[in-house]
Amino acid sequence: MQKTRFLNLCALAAALFVAACKTDPAADSGFLENPELMAGHRERAPFDRAWVKPGFSKSAYTGLIISEVDTRFLLANSGWSAANPASETLDSSARELARFTRNAFLNAFRQDPKRRFEIALRPGVGVAVLDLAIVELVPSKSVIGALGLGAPFVRAPAVAVGSKVAGGNPCVAIEGRLRDSVTGEVLAMFADREEPPFRIIDAKAVTWYGDAQDSIETWAKQLVELGNTSSAHKVGDAPNFTLKPW
């Protein structure tokens with residue numbers, strides 16, 4: 001009996017994994033300059049689009065500064081501010097999202113056993129800066145209702161994110177750039193949008209950004225893996241299914 005239940009659960013997980021698919025790329029937010037340079041490079045990076053400066057050698061860098069995460073484009077471009085004018089809940093949630101994202105990337109690099117990049121506190125030779133922006137966030141309808149927020153598609157139907165909210169598909173989009181801490185020269189850029197993995201018991205979707213936490217933590221781990229591997233190594237996509245409830 002137990003074996004039958006286990007096999008049924010595995011079959012369900014496999015079906016969900018196969019049925020799940022990566023969401024469409026997000027539009028450029030304005031955070032990155034020259035986003036037209038980016039293109040898909042799925043043979044190496046798991047992002048919708050990426051760009052690396054020709055001739056860039058990561059071996060020249062051993063330190064990394066992670067900037068405060070930008071949410072200005074998230075609030076303005078995707079209609080959240082228009083749908084929730086002067087909302088303290090929205091503003092505080094955006095600040096929490098920024099802190100969570102930065103901490104996820106800090107923890108991923110600090111906990112990397114290879115310690116390829118040490119977290120630096122100040123600019124210097126051999127130190128790069130990672131700038132990140134969460135540029136789109138669509139929680140589940142239940143989360144929007146529980147927090148008393150107005151969904152963008154209700155009051156601002158023209159915004160691009162509307163169809164995602166109306167379709168009931170949570171998603172989150174990020175943009176990032178790596179630059180030299182001394183010269184400011186941009187060394188690499190990436191942009192990606194993900195739907196959260198399916199979970200049987202959803203204990204994360206209790207905050208505005210709860211649905212996005214898995215995707216954000218996966219992005220951080222993927223960047224660590226990119227930093228630790230050669231250009232011939234392919235970094236895999238985010239999982240579509242998880243049995244963890246949190």
Single unsatisfied condition, Asn107 versus (1) among the polar types (S, T, N, Q); (2) open to solvent by less than 20 Å² (accessible area, probe 1.4 Å); (3) within 16 Å of Trp219 (Cα to Cα): (2)
Output for segment 76-101, where each listed residue is closer than 18 Å to Ala191 by Cβ and at pLDDT 85 or above: Leu97, Ala98, Thr101
Residue within segment 61-82 that is open to solvent by 40 Å² or more (accessible area, probe 1.4 Å) and in a loop (DSSP other than H, G, I, E, B) present: yes
Counted residues, segment 53-87 - those being within 23 Å of Lys221 (Cβ to Cβ) and under 19 Å from the mean Cα position of the chain (by Cα): 9
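Only residues that are assigned to a strand (DSSP E or B) and more than 18 Å from Phe73 (Cβ to Cβ): list them for segment 117-142, please. So that I can check it myself, show each step before the final result.
Going through segment 117-142, the residues assigned to a strand (DSSP E or B) turn out to be 118-119, 127-138.
Those that are assigned to a strand (DSSP E or B) and more than 18 Å from Phe73 (Cβ to Cβ): Glu118, Ile119, Val127, Ala128, Val129.
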Residue that is nearest to Phe56 (Cα to Cα) [pool: residues in segment 187-246 that are of a type in the set (Val, Ile, Thr) and modelled with pLDDT of 90 or more]: Thr229
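The values are calculated or read from the model by the stated rules, or taken from the named source; none is laboratory data. What you see is a predicted model; the values in this text were computed from it and never measured. Here Cβ is always computed from backbone atoms with ideal geometry, including for glycine, and neighbour counts include all displayed protein chains. Each accessible area value is taken on the protein alone, full model and side chains, heavy atoms only, with ligands, DNA and RNA left out. Shrake-Rupley method; radii C 1.70, N 1.55, O 1.52, S 1.80 Å.
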